[in-house]
Amino acid sequence: MMNVREKEQFLGFLRDRGQRVTGERLALFDEIFSQHGHIDAEELLAAMRARGLKISRATVYRNLDLLVESGLARKSRLGSRGFLYEHMHAGQQHDHLVCAGCGRVVEFVSPGIVALQAEICRAHGFVPARHTLQIAGLCNRCAEEAVPDGLASAPAPGRMAHV
């Protein structure tokens with residue numbers, strides 16, 4: 001199993017807080033770590049029920065919050081879709097491009113951004129714990145649809161999502 005370290009981290013987190021290790025919690029952990037993108041709580045609930053698991057909506061939301069608190073999941077408002085969740089692996093960090101037209105989310109990693117953040121933190125005597133970077137705009141397809149001749153140089157202000 002690829003997520004053994006993460007599962008042990010989650011189990012330790014639950015035990016340290018005096019929380020029970022339940023089948024529902026483990027099933028939710030397995031489900032979110034089987035996803036390879038951003039998913040909302042309702043989609044997680046539907047996926048679990050499609051696998052024949054009996055789990056309540058409240059249990060999904062409550063345990064997603066525990067996964068976020070443990071550092072094993074990230075909760076982000078990406079574009080206008082509301083909150084989305086994604087699993088996190090230790091030491092992995094990425095940022096997002098979000099299309100305000102179609103809602104597409106692109107993950108990216110930039111060593112230059114990482115180096116710049118470290119430089120800024122050093123210059124200000126700051127020890128970072130985490131960061132989020134989300135760039136809102138239009139993907140090429142939506143930009144071309146917005147300007148019929150395909151000469152879109154920047155998204156129209158009304159089409160940008162609030163970040």
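The values are calculated or read from the model by the stated rules, or taken from the named source; none is laboratory data. This one's a predicted model, so the numbers in the text were calculated from it and none came from an experiment. Here the Cβ positions follow ideal geometry from the backbone for every residue, glycine too, while neighbour counts run over all protein chains shown.
Answer with yes or no whether residue 55 is without any contact (Cβ under 8 Å) to a residue 40 or more places away in the chain and hydrophobic (A, V, I, L, M, F, W, C). For residue 55, the condition - without any contact (Cβ under 8 Å) to a residue 40 or more places away in the chain and hydrophobic (A, V, I, L, M, F, W, C) - is met.
Filtering the stretch 4-27 to residues that are without any contact (Cβ under 8 Å) to a residue 60 or more places away in the chain and either of a type in the set (Lys, Arg) or not in a helix (DSSP H, G or I) (or both) leaves 7, 15, 17, 18, 19, 20, 21, 22, 25. Taking the stretch 114-123, which residues are of a type outside the set (Asp, Glu) and surrounded by fewer than 15 Cβ atoms within 10 Å (Cβ to Cβ)? The answer is 114, 115, 116, 118, 120, 121, 122, 123. Taking the stretch 28-145 as the region of interest, the helices (runs of 4 or more DSSP H) fully inside it that hold 1 or more residues being assigned by TED's automatic domain parsing to the domain that holds residue 15 are 41-50, 57-69. Can you find even one residue in the stretch 87-106 that is over 23 Å from residue 142 (Cα atoms) and touching a His at 6+ places or on another chain (Cβ under 6 Å)? No - not one qualifying residue is present in the stretch 87-106. The condition of being modelled with pLDDT of 85 or more, under 24 Å from residue 40 (Cα atoms) and exposed (fewer than 14 other Cβ atoms within 10 Å of the Cβ) holds for residue 102. None of 90, 152, 161 is among the small types (Gly, Ala, Ser), at pLDDT below 80 and under 22 Å from residue 29 (Cα atoms) except 90. Could you tell me whether the stretch 44-58 includes any residue that is surrounded by 19 or more Cβ atoms within 10 Å (Cβ to Cβ) and under 28 Å from residue 133 (Cβ atoms)? Yes: the stretch 44-58 contains one or more residues that are surrounded by 19 or more Cβ atoms within 10 Å (Cβ to Cβ) and under 28 Å from residue 133 (Cβ atoms). Scanning the stretch 123-130 turns up no residue that is within 15 Å of residue 106 (Cβ to Cβ) and modelled with pLDDT of 90 or more.
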